[in-house]
Amino acid sequence: MLAPTAKIIDGKAVSAKIRAKCKERVADLKRRGVVPGLAVILVGSDPASALYVRNKMRACADVGIKSLRYDFPSDVSADDVLATINDLNANQDIHGILVQLPLPPQIATAKVLRAISAEKDVDGFHLYNVGGLVVGDTVFPPCTPYGVVKLLEHEQIPVEGRNVVVVGASNIVGKPMALMLMQQDATVCICHAKTRDLAQFTILADILVVAAGRPNLILPQMVKTGAAVIDVGINRLADGRLVGDVDFEGVRQKASYITPVPGGVGPMTVTMLLVNTIASAERHPDRSLV
Ligand code: NAD
């Protein structure tokens, strides 16, 4: 058996460094009389969504961001949610608005996301922000791919001119990820569930980003020797274990860098939400909770 060679990217440690900087930036804002404010909208009682919201609000409190939670029952009308978003758009104390997804079926997600002011869209899902990704002038980069970019930067993994393969083409991870790395002059290929013979693409990747939500999708024989492998996937197995989309033990023997699950990309996502909220407060210090 080959010895493990990949450097394991410690997302928790990178995240802790960025959060320490967040605290300093919030302290600076507070010295200028500005308290960054994030509004979090949660519809329904899905335990996973409630847990994500709690984690985001706890992370806000840790760095000094004030977060306000707006809870709605699962049968709420779209109009009620939209009315709250309109109020928050006009509220000078709020710098960021986040709607926890998924929303119940009676509410059109696209319409809700479009109602959030692009200037407060700290999740980066508004059409304006998506368009910004395409032309390389994003207001708020979406948090998960932004976290991946920061991990690559932290590890000084070059992107320019490299072959990047993104497995997964969702609006929240795969597509923005591909656009962000293309913006850094990578040669990018996106694969998805209909891709035929996934391995013929993944084997070409210098940087392989996997966000499919399929345990063990990426096996060692699908990975180029020396590749950097970023596993965004989060899957709960029947035995309760949390794993990514990559065969971690196998692939770490072939890759040069690899992210673990948990403890890789996951901690970065919430951290980048903090970064986006602080950036919004810095751009618009007139919106403040003091
Ligand atoms: P999604 O279900 O919206 O999209 C999955 C994508 O993967 C789709 O484009 C689909 O075509 C593709 N796919 C599915 N099976 C495939 C296969 N066999 N081969 C190739 N492509 C395949 O999911 P999402 O919201 O983008 O999330 C993807 C994964 O990332 C999930 O496991 C999710 O839990 C995780 N996630 C993690 C974070 C984090 O903070 N670490 C954040 C968001 C999502």
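Here, each number is a calculation from the coordinates, and none is a lab measurement. Predicted model only: the values in this text are computed from it and were never measured. Here the Cβ is made from the backbone with ideal geometry for all residues, glycine too, and neighbour counts use every protein chain on show.
The set of residues in region 210-225 being within 8 Å of the ligand (Cβ to nearest atom) and among the charged types (D, E, K, R) consists of 214 alone.
Is there a residue being under 30 Å from residue 254 (Cβ atoms), part of a helix (DSSP H, G or I) and not polar (S, T, N, Q) anywhere in region 17-34? Yes. Being away from the ligand (no atom under 16 Å from the Cβ) and out of contact with any strand residue (DSSP E or B) (no Cβ under 9 Å at 6 or more places or on another chain), is that true of even one residue in region 165-183? Checking region 165-183: at least one residue is away from the ligand (no atom under 16 Å from the Cβ) and out of contact with any strand residue (DSSP E or B) (no Cβ under 9 Å at 6 or more places or on another chain).
Would you call residue 159 away from the ligand (no atom under 16 Å from the Cβ), without any contact (Cβ under 8 Å) to a residue 60 or more places away in the chain, surrounded by fewer than 17 Cβ atoms within 10 Å (Cβ to Cβ) and aliphatic (A, V, I, L, M)?
Details: away from the ligand (no atom under 16 Å from the Cβ): yes; without any contact (Cβ under 8 Å) to a residue 60 or more places away in the chain: yes; surrounded by fewer than 17 Cβ atoms within 10 Å (Cβ to Cβ): no; aliphatic (A, V, I, L, M): yes.
Considered against the rule, which asks whether it is away from the ligand (no atom under 16 Å from the Cβ), without any contact (Cβ under 8 Å) to a residue 60 or more places away in the chain, surrounded by fewer than 17 Cβ atoms within 10 Å (Cβ to Cβ) and aliphatic (A, V, I, L, M), residue 159 comes out as no.
Evaluating residue 170 against the criteria (1) assigned to a helix (DSSP H, G or I); (2) touching a residue at least 40 places away in the same chain (Cβ under 8 Å); (3) not aliphatic (A, V, I, L, M) leaves one unmet condition, (1). Entry remark, region 215-234: residues being hydrophobic (A, V, I, L, M, F, W, C), free of Cβ contacts under 8 Å to residues at least 40 places away in the same chain and under 23 Å from residue 147 (Cα atoms) number 3 in total. Kindly provide the set of residues from region 142-164 that are β-branched (Val, Ile, Thr) and touching a strand residue (DSSP E or B) at 6+ places or on another chain (Cβ under 9 Å), ordered by number. Of everything in region 142-164, those that are β-branched (Val, Ile, Thr) and touching a strand residue (DSSP E or B) at 6+ places or on another chain (Cβ under 9 Å) turn out to be 148, 157, 159, 164.
Inspect all residues belonging to region 65-83 and state whether any of them is within 19 Å of residue 117 (Cβ to Cβ), outside any loop (DSSP other than H, G, I, E, B), over 21 Å from the mean Cα position of the chain (by Cα) and in contact (Cβ under 8 Å) with a residue 40 or more places away in the chain. Yes, the conditions are met somewhere in region 65-83. The numbered conditions (1) surrounded by 15 or more Cβ atoms within 10 Å (Cβ to Cβ); (2) without any contact (Cβ under 8 Å) to a residue 24 or more places away in the chain; (3) under 18 Å from the mean Cα position of the chain (by Cα) are all true for residue 212 except (2).
Which one of 228, 238 is surrounded by 24 or more Cβ atoms within 10 Å (Cβ to Cβ) and more than 14 Å from the ligand (Cβ to nearest atom)?
Working: 238 fails: surrounded by 24 or more Cβ atoms within 10 Å (Cβ to Cβ).
Just a single option satisfies the conditions, and that option is 228.
Residue pairs whose Cβ atoms lie under 6 Å apart, separated by 6 or more positions or on different chains, with the first residue in region 189-205 and over 12 Å from residue 217 (Cβ atoms) and the second in a loop (DSSP other than H, G, I, E, B) and near the ligand (Cβ under 10 Å from one of its atoms), are 190/169.
Pairs are defined by a Cβ separation below 6 Å, a sequence spacing of at least 6 or placement on different chains, a first member in region 235-246 that is hydrophobic (A, V, I, L, M, F, W, C), and a second member that is assigned to a loop (DSSP other than H, G, I, E, B) and within 10 Å of the ligand (Cβ to nearest atom); the pairs so defined are 242/262; 243/215; 243/261.
In region 130-149, the residue that is surrounded by the fewest Cβ atoms within 10 Å (Cβ to Cβ) out of those that are touching a residue at least 12 places away in the same chain (Cβ under 8 Å), more than 14 Å from the ligand (Cβ to nearest atom) and part of a helix (DSSP H, G or I) is 134.
When residue 283 is tested against (1) within 10 Å of the ligand (Cβ to nearest atom); (2) closer than 30 Å to residue 39 by Cα; (3) surrounded by fewer than 19 Cβ atoms within 10 Å (Cβ to Cβ), just one condition goes unmet, and that condition is (1).
Scanning region 241-259 for residues that are surrounded by fewer than 18 Cβ atoms within 10 Å (Cβ to Cβ) and under 15 Å from residue 214 (Cα atoms) yields 241, 242.
Of all residues in region 191-209, those satisfying the criterion of being among the polar types (S, T, N, Q) and either within 9 Å of the ligand (Cβ to nearest atom) or crowded, with 18+ Cβ neighbours inside 10 Å (or both) are 195, 202.
Checking 188, 167, 122 one by one, the residue that is more than 25 Å from residue 277 (Cβ to Cβ) and surrounded by 23 or more Cβ atoms within 10 Å (Cβ to Cβ) is 167 and no other.
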